[in-house]
Amino acid sequence: MAQVTTIEPKVAQTAPKQVTEHKSTEQIVREAARTHGIDEAYFVSIAMCESTMDATAVNYNYYENGNPSGLFQHISGYWPARAAKYGYAGASVFDATANANVTAQMFRDGASNLWECKA
């Protein structure tokens, strides 16, 4: 008689679900302001004026070493150096968290004059 071996099927294990908090753009802007000592209402009003709080905004009507882009309308050609200087090397200008935090640090360091919107 032939011996029969039973093989138990392997149960696929799934990785635990990562819980990611979805933050609104305004929450991101307010958090960056608090983190870097900028008045929240003022910083929100700057973001509203610059991009209507749209992290994907691009102003194609202006060009100076790139187009104003992202939440706080950084000139795209200047963004890589700014992002690197403030701890967001390699981040996209369209990354709302990076854009808000880089801008808040620039405001904290006295560079708010680079923005047209004054709220």
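Please treat every number below as a calculation from the coordinates, not as lab data. Everything numeric in this text was worked out from a predicted model, so none of it was measured. Cβ atoms come from the backbone with ideal geometry, glycine included; neighbour counts cover every protein chain shown.
Placing unit charges on C-beta atoms (Lys and Arg positive, Asp and Glu negative, everything else neutral), compute the dipole magnitude of segment 25-112 about its Cα centre in debye, rounded to 20.
Values: 5 positive and 9 negative charges, 46 e Å.
With Lys and Arg at +1 and Asp and Glu at -1, about 220 debye.
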Under a 5 Å amide H to amide H cut-off, with H placed in plane at 1.01 Å, what residues pair with Ile75 once short-range neighbours are removed?
-> Ser69
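For segment 30-119, which GluC sites (Glu not before Pro) are both in a DSSP coil and crowded by at most 10 other Cβ atoms within 10 Å?
Working: sites: Glu31, Glu40, Glu50, Glu64, Glu116; in loops: Glu64, Glu116.
Answer in residue order: Glu64.
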